[in-house]
Amino acid sequence: MTHRLAVLISGTGSNLQAIIDAIANRQLDARIALVISNKPGVAGLDKAAAAGIPTAVFRHLDYPDRETFDRAMARALDAVSPDTVVLAGFMRILSPWFVKRYEGRLVNIHPSLLPRYPGLNTHQRALDAGDKEHGCSIHFVNDDLDGGPIIAQYRISVDANDSERTLSERVQTAEHQLYPKVLQWRAEARLLLSATGVILDDAPLPPTGRLFPQT
Ligand code: GRF
C-alpha cells in the first residue's frame, strides 16, 4: 500500500511543493491524501490544488480553544488514514491531545540545528550568535516546542557576508532536499519512534539524527 501523507501548512508551502515534486519524480513513493491549512487563501493551498490534492481549511479563530480546533482537524485527518502527518510551515502549537493521537507518525521541519534556536527568527539568532554553522532539523513531534527526537539535520556553513535573507534561502534549499529523503524512510518503513528514541534501519540514531550532507 502506498504510504499516505497528510501535510499541514500555514503559508507559502515551498516544502509542500518539494514533497509534491519528489513524488512526481519518483524519489518519494508516497501519496498526499490531504493538505490542511489553518489560514485561508495561502499560496500553499494553490500549490496543492494545482497538483490535484484535496485541501481543507480550518481557521483556528473559528474554534473556542486549541484542542477543539485540533479535534476538528483530526476528524478530517482520520478520514484519510494518514501514515505520516507532516508539519510543513504549520504555525500553530498543537495540543497534547493531538500530539498523543499522532505520536510516532507526526513530524516537523524546523529552520535551525536543534536544540539551538527553537521558536522564531532562527536565522537572525544564528547570525547574532556568530555561528559558523546553521541549517535545518526534522524531528518527531512531542509536547516540547521544537523539542522532539531529531531524525535528521542538514548543515550549511555561515559566510561572513550572509544576511538573514541569504541564510534563509540556503536553509530552505536544504529543507527541500531533506524532507523528501526523511519521508521516503517513512514510506519504506525504515524510520520509527521507539520508547528509547529514533530508530532508522533497526538501529538507534544519535541525538542529532542522521547528518546531511553526507561525507
Ligand atoms: C520553513 O522554513 C520551515 O522550516 C518552517 O516554516 C517554513 C515553511 O516554509 N517551519 P514553506 O511554507 O514550506 O515555504
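For every residue, the table says whether it meets (1) part of a loop (DSSP other than H, G, I, E, B); (2) over 13 Å from the mean Cα position of the chain (by Cα).
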site	(1), (2)
I151	no, no
Y154	no, yes
A160	yes, yes
T166	no, yes
Q172	no, no
Y179	no, no
L193	no, yes
P207	yes, yes
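Against the conditions (1) within 21 Å of D78 (Cα to Cα); (2) surrounded by 14 or more Cβ atoms within 10 Å (Cβ to Cβ); (3) over 17 Å from the mean Cα position of the chain (by Cα), P96 satisfies every one except (2). Residues in segment 84-108 that are on the phi > 0 side of the Ramachandran plot and more than 14 Å from the ligand (Cβ to nearest atom): G104 alone. Scanning segment 55-68 for residues that are touching a residue at least 24 places away in the same chain (Cβ under 8 Å) and of a type outside the set (D, E) yields H60, R66. Of the strands (runs of 3 or more DSSP E) that lie entirely inside segment 1-72, those containing 1 or more residues that are within 14 Å of the ligand (Cβ to nearest atom), among the aliphatic types (A, V, I, L, M) and surrounded by 17 or more Cβ atoms within 10 Å (Cβ to Cβ) span 3-9, 30-37. Sub-8 Å Cβ pairs linking a first residue in segment 115-144 that is exposed (fewer than 13 other Cβ atoms within 10 Å of the Cβ) to a second residue that is among the basic types (K, R), at least 6 apart or interchain, are E133/R155, ordered by first then second residue. Considering (1) surrounded by fewer than 17 Cβ atoms within 10 Å (Cβ to Cβ); (2) within 16 Å of the ligand (Cβ to nearest atom), the lone condition that S81 does not fulfil carries the number (2).
We did not get these values from a lab; they are worked out from the coordinates using the rules stated. Since the model is a prediction, treat every value here as computed from it, not as a measurement. Here the Cβ is made from the backbone with ideal geometry for all residues, glycine too, and neighbour counts use every protein chain on show.
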